[in-house]
């Protein structure tokens, strides 16, 4: 089963609230992904969750922050921890069938 564990709960330097996950098995050779929620703007741009391969520190692993599978446009803003958890869970599922496991799981 493909699993993801929260590696860094709050990562700075992105266009919105961000988290880094450790993946098992790796995605396209990357053991980590960072995802952030970019807020919407005006009435024309909806909020979006973006997924990119990352390093252990949460920084992008490639020269480009081109969004990967799992990135998607949200219908509503992400304002609570529960909404962030749900958006990340769906993005990881779409990335490669990853499910989130607790950090202390074996």
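Read-outs: derived from the displayed coordinates by stated rules, not from any lab. Nothing here was measured: the structure is a model prediction, and the numbers come from that model. As a convention, Cβ positions derive from the backbone with ideal geometry for all residues, glycine included, and neighbour counts pool all protein chains shown.
Keeping to the stretch 3-30, report how many residues are assigned to a strand (DSSP E or B) and within 13 Å of the chain's Cα centre (by Cα).
Step one: of the stretch 3-30, the residues assigned to a strand (DSSP E or B) are 3-8, 17-27, 30.
Those still in the list that are within 13 Å of the chain's Cα centre (by Cα) too: 4-8, 17-23, 27.
Residues flagged as assigned to a strand (DSSP E or B) and within 13 Å of the chain's Cα centre (by Cα) within the stretch 3-30 amount to 13.
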*Take the residues in the stretch 52-65 that are touching a strand residue (DSSP E or B) at 6+ places or on another chain (Cβ under 7 Å) and part of a loop (DSSP other than H, G, I, E, B), then tell me which one is surrounded by the most Cβ atoms within 10 Å (Cβ to Cβ).*
58
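Can you pull out the residues in the stretch 67-97 that are more than 18 Å from residue 11 (Cβ to Cβ) and in a loop (DSSP other than H, G, I, E, B)?
Step one: of the stretch 67-97, the residues more than 18 Å from residue 11 (Cβ to Cβ) are 69, 72-77, 79-80, 82, 86, 90, 93-94, 96-97.
Passing the criteria: 69, 74, 75, 76, 77, 79, 80, 97.
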